[in-house]
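Trainee: Here it is, the structure in full.
The values are calculated or read from the model by the stated rules, or taken from the named source; none is laboratory data. Because the structure is a prediction, the values reported are computed rather than measured. For neighbour counting, all protein chains shown are included, and Cβ atoms are generated from backbone atoms with ideal geometry for every residue, glycine included.
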């Protein structure tokens with residue numbers, strides 16, 4: 001089935017401003033709450049949120065095999081579970097409905113009133129119920145930077161790193177959509193030079209610039225997903241800020257990995273951009289040397305050219321761009337991550353989320369965390385308001401943006417924006 | 001409200017054989033499927049499964065504030081979410097209904113037919129939808145054994161171990177109830193003396209003898225649970241076999257912790273034994289030296305005297321008891337684990353599961369894994385059929401049993417039994 005929605009010359013009858021992340025070629029999926037407290041699955045074109053539940057009730061998806069309440073739900077899990085064929089049929093149909101040449105909805109003001117909302121009038125929710133969240137560690141530059149800082153600069157990468165996409169399990173219960181503020185976490189840390197730990201607010205709260213992909217239910221427990229099939233089970237991608245408390249992490253993480261240093265919050269952008277929409281931005285990933293074992297070998301282009309930006313916005317002042325990176329730098333592809341994850345028979349469900357790991361580029365201005373940008377706090381960043389940052393301050397808002405751009409079209413993620421509040425104090 | 005169900009002299013009008021794990025003083029909660037394909041929440045007395053959905057429809061819970069379909073569900077999450085007061089009211093009522101002196105259901109054969117099943121006629125399911133699964137590492141003996149084998153025997157415990165309950169996130173999607181067989185996992189390992197890894201079946205599949213507790217939704221994100229309140233948010237406990245592939249673990253786990261070595265399967269006993277039922281078996285835990293930080297300090301008895309047994313049953317032969325341990329050996333209590341887990345504001349939901357970590361006792365016959373029992377394979381165990389085991393063989397069934405016993409009553413968990421099948425082969 002052709003992926004007709006990507007036609008770069010197509011225009012929508014809805015206004016889309018220049019450089020919008022959401023032209024008619026995008027058609028991402030999300031969940032939003034209206035002012036009337038209705039929750040629904042939706043998409044976005046320009047600055048309009050589109051109620052897919054209403055569209056379905058008005059019979060605009062006629063001919064596509066969907067359960068009656070497919071879009072009148074508060075998560076996308078069931079839709080994602082229907083598989084790639086359905087995703088594409090629905091996305092193509094939405095493209096048709098909003099194509100400038102199609103009068104059906106365009107010329108029906110009554111229907112338009114029911115279906116179309118201004119983005120400022122809706123509240124974005126988590127798009128999926130995330131059963132399990134896995135975070136990988138697949139940027140060679142990031143792993144090398146961390147290895148240089150904390151281990152042996154001459155042997156910065158650990159022996160397993162070039163042979164498998166290192167990953168670990170995260171916490172689903174604290175994944176939040178863009179816009180929800182978080183508190184600076186309390187935790188146990190070991191002051192420099194001491195042997196007895198203390199408990200208090202983390203002093204080294206950091207962001208991690210990541211993307212994540214959302215899966216469909218792909219396998220039964222005990223069976224693997226072969227790498228050549230892996231891409232069929234990836235629904236789409238979001239931006240992910242995997243908040244980290246570096247001082248808590250340092251004290252707790254040996255031998256079983258990060259725990260409280262990470263599980264206080266992970267923020268995601270609310271619109272899932274489909275792999276179909278990202279298709280024009282497919283590119284070649286880094287050369288893998290040594291050659292991976294056969295179960296991780298793949299041919300063709302499996303990286304995606306997604307520009308990533310990080311901004312820090314102190315309270316009441318403007319934001320400063322502190323990093324520019326790109327998803328194409330990732331050493332291990334999403335297919336390799338998924339094939340590895342299931343190589344032992346681990347079951348993957350609809351709505352599971354898998355993070356890339358911090359995405360650092362090759363130059364110091366492309367690093368994906370304050371830890372790396374300031375090299376452990378040694379080289380503070382000066383913001384536009386003249387203040388310095390080694391890590392993130394209370395009341396700072398951290399904003400990630402992500403977009404693909406070629407000569408004809410821009411496909412973006414919007415943003416994930418999260419304010420760091422002071423520590424929670426029990427009254 | 002008194003916990004009347006624990007009255008040790010109470011008898012049920014249902015037959016309960018001597019030494020049953022499920023006298024009327026237990027009243028655990030689970031979910032089962034009947035031969036008519038009806039799924040329901042239930043309890044167990046003796047060898048009878050009791051349909052709580054049917055009891056509710058027949059109005060036996062009159063006067064207790066429950067939603068209409070509370071027990072006609074396929075998970076206990078909503079019931080657990082109702083909180084401790086409701087758990088106790090329902091458990092006390094069940095005790096009353098089945099008390100030998102109460103004729104209401106006893107003398108109503110029509111109702112009995114609807115409500116009571118033979119255990120052999122039902123199929124136990126996972127009792128809860130597990131949103132997040134955390135595994136701790138809270139047995140000092142286990143951590144010391146592992147440290148001696150893999151690190152410095154003189155400094156077996158890592159510096160953080162005595163200061164906090166070390167934990168990490170596991171995978172919810174592969175938690176299965178007793179009785180479901182699993183496949184030997186495939187995975188990447190580094191052969192001894194080599195520098196290049198290979199991919200194939202794990203050669204070192206092991207059990208980990210654990211218990212786990214199930215939580216209610218206890219806090220809002222960003223807020224902690226003070227240690228003195230933690231126990232109110234623990235619904236009950238199960239036995240947990242946290243299957244492990246030691247060779248995969250060794251190669252993958254530095255620096256971010258266990259991943260594919262663990263997430264191929266974790267098996268649990270299907271009946272959640274409530275904290276109310278375990279109350280008579282409360283005991284003092286090990287002395288904690290150094291004194292934990294204030295947020296982890298608690299007074300009183302917070303350990304539980306739960307006998308634990310591990311059996312290996314090769315195909316077509318009888319089972320051999322290979323370890324006897326006890327939950328009371330745990331250094332960190334469940335309350336300390338929960339207070340620590342939420343000390344950074346991490347949200348805990350109804351149905352979350354938190355594993356104890358491998359429970360090893362002080363003597364070599366009380367170790368909780370083959371890794372420790374055979375000391376890394378150096379001292380194989382001889383089974384009753386004369387065969388030796390360093391780790392678990394294909395077609396072996398591993399069985400854990402757990403029970404509390406005092407002079408008047410025995411409260412047990414039944415068992416978690418899992419057969420290890422050969423590796424999955426794609427046809």
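Trainee: Going through the stretch B:1-10 one residue at a time, which ones are over 17 Å from residue B:87 (Cβ atoms) and either free of Cβ contacts under 8 Å to residues at least 60 places away in the same chain or surrounded by 13 or more Cβ atoms within 10 Å (Cβ to Cβ) (or both)?
Mentor: B:7, B:10
Trainee: Which ones in the stretch A:183-196 are in a loop (DSSP other than H, G, I, E, B), at pLDDT 95 or above and either at the interface with another protein chain (Cβ under 8 Å from one of its Cβ atoms) or crowded, with 16+ Cβ neighbours inside 10 Å (or both)?
Mentor: Across the stretch A:183-196, the qualifying residues are A:184, A:185, A:190, A:196.
Trainee: OK, next. Residue by residue through the stretch B:299-325, note down the ones that are more than 18 Å from residue B:417 (Cβ to Cβ), surrounded by fewer than 18 Cβ atoms within 10 Å (Cβ to Cβ) and touching a residue at least 60 places away in the same chain (Cβ under 8 Å).
Mentor: B:305
Trainee: Taking residue B:21 as meeting all but one of (1) part of a loop (DSSP other than H, G, I, E, B); (2) without any contact (Cβ under 8 Å) to a residue 40 or more places away in the chain, write down the number of the exception.
Mentor: (2) is the only condition that residue B:21 fails.
Trainee: Please work out which one of (1) surrounded by fewer than 22 Cβ atoms within 10 Å (Cβ to Cβ); (2) within 14 Å of another protein chain (Cβ to nearest Cβ) is the condition residue A:281 fails and give its number.
Mentor: Result: residue A:281 fails condition (2) only.
Trainee: Oh, and also: Which one of B:241, B:145 is in contact with a strand residue (DSSP E or B) (Cβ under 6 Å, 6 or more places away or on another chain) and modelled with pLDDT of 95 or more?
Mentor: None of the others qualify; the one that does is B:241.
Trainee: Additional query: Would you check if residue B:178 is surrounded by 23 or more Cβ atoms within 10 Å (Cβ to Cβ) and modelled with pLDDT of 95 or more?
Mentor: Judged against the criteria, residue B:178 is not a match.
Trainee: Kindly provide the set of residues from the stretch B:412-427 that are within 10 Å of chain A (Cβ to nearest Cβ) and in a strand (DSSP E or B), ordered by number.
Mentor: Of everything in the stretch B:412-427, just one residue is within 10 Å of chain A (Cβ to nearest Cβ) and in a strand (DSSP E or B), namely B:421.
Trainee: Please work out if residue B:222 is over 26 Å from residue B:21 (Cβ atoms), within 12 Å of chain A (Cβ to nearest Cβ), crowded, with 18+ Cβ neighbours inside 10 Å and touching a helix residue (DSSP H, G or I) at 6+ places or on another chain (Cβ under 9 Å).
Mentor: No, not satisfied.
Trainee: For the condition touching a strand residue (DSSP E or B) at 6+ places or on another chain (Cβ under 7 Å) and not in a loop (DSSP other than H, G, I, E, B), what is the one hit in A:360, A:325, A:343?
Mentor: Criteria check complete, one pass: A:325.
Trainee: Taking the stretch A:115-154 as the region of interest, how many residues are within 19 Å of the chain's Cα centre (by Cα) and either in a loop (DSSP other than H, G, I, E, B) or under 19 Å from residue A:259 (Cα atoms) (or both)?
Mentor: Final tally of qualifying residues: 15.
Trainee: Shifting gears a bit: Search the stretch B:319-351 for residues being out of contact with any helix residue (DSSP H, G or I) (no Cβ under 9 Å at 6 or more places or on another chain) and within 11 Å of chain A (Cβ to nearest Cβ), and hand back the single one that is nearest to residue B:220 (Cα to Cα).
Mentor: Per the criteria, the residue is B:347.
Trainee: Which residue pairs have Cβ atoms under 8 Å apart, sit 6 or more places apart or on different chains, and have a first residue in the stretch A:246-270 that is at the interface with chain B (Cβ under 9 Å from one of its Cβ atoms) and a second that is in a helix (DSSP H, G or I) and surrounded by 24 or more Cβ atoms within 10 Å (Cβ to Cβ)?
Mentor: Qualifying pairs under 8 Å: A:258/A:252; A:259/A:252; A:260/A:248; A:260/A:252; A:260/B:340; A:260/B:341; A:261/A:248; A:261/A:252.
Trainee: Now, a different point. Among what's in the stretch B:225-245 and is surrounded by 21 or more Cβ atoms within 10 Å (Cβ to Cβ), within 14 Å of another protein chain (Cβ to nearest Cβ) and out of contact with any helix residue (DSSP H, G or I) (no Cβ under 7 Å at 6 or more places or on another chain), pick the residue that is farthest from residue B:172 (Cα to Cα).
Mentor: B:245
Trainee: Which is in a helix (DSSP H, G or I) and either modelled with pLDDT of 95 or more or surrounded by fewer than 21 Cβ atoms within 10 Å (Cβ to Cβ) (or both), of B:54, B:49?
Mentor: B:54
Trainee: Let me ask something additional. Kindly provide the set of residues from the stretch B:105-122 that are surrounded by fewer than 19 Cβ atoms within 10 Å (Cβ to Cβ), touching a helix residue (DSSP H, G or I) at 6+ places or on another chain (Cβ under 7 Å) and in contact (Cβ under 8 Å) with a residue 12 or more places away in the chain, ordered by number.
Mentor: If the condition is that a residue be surrounded by fewer than 19 Cβ atoms within 10 Å (Cβ to Cβ), touching a helix residue (DSSP H, G or I) at 6+ places or on another chain (Cβ under 7 Å) and in contact (Cβ under 8 Å) with a residue 12 or more places away in the chain, then B:111, B:114 are the ones that fit.
Trainee: For the stretch B:24-41, name all the residues that are part of a loop (DSSP other than H, G, I, E, B) and either in contact with a helix residue (DSSP H, G or I) (Cβ under 9 Å, 6 or more places away or on another chain) or crowded, with 20+ Cβ neighbours inside 10 Å (or both).
Mentor: Once the filter is applied, which keeps residues that are part of a loop (DSSP other than H, G, I, E, B) and either in contact with a helix residue (DSSP H, G or I) (Cβ under 9 Å, 6 or more places away or on another chain) or crowded, with 20+ Cβ neighbours inside 10 Å (or both), the stretch B:24-41 yields B:24, B:25, B:26, B:27, B:28, B:34, B:35, B:38.
Trainee: Which count do you get for residues in the stretch A:151-167 that are without any contact (Cβ under 8 Å) to a residue 24 or more places away in the chain and at the interface with chain B (Cβ under 9 Å from one of its Cβ atoms)?
Mentor: Residues in the stretch A:151-167 being without any contact (Cβ under 8 Å) to a residue 24 or more places away in the chain and at the interface with chain B (Cβ under 9 Å from one of its Cβ atoms): 4 in total.
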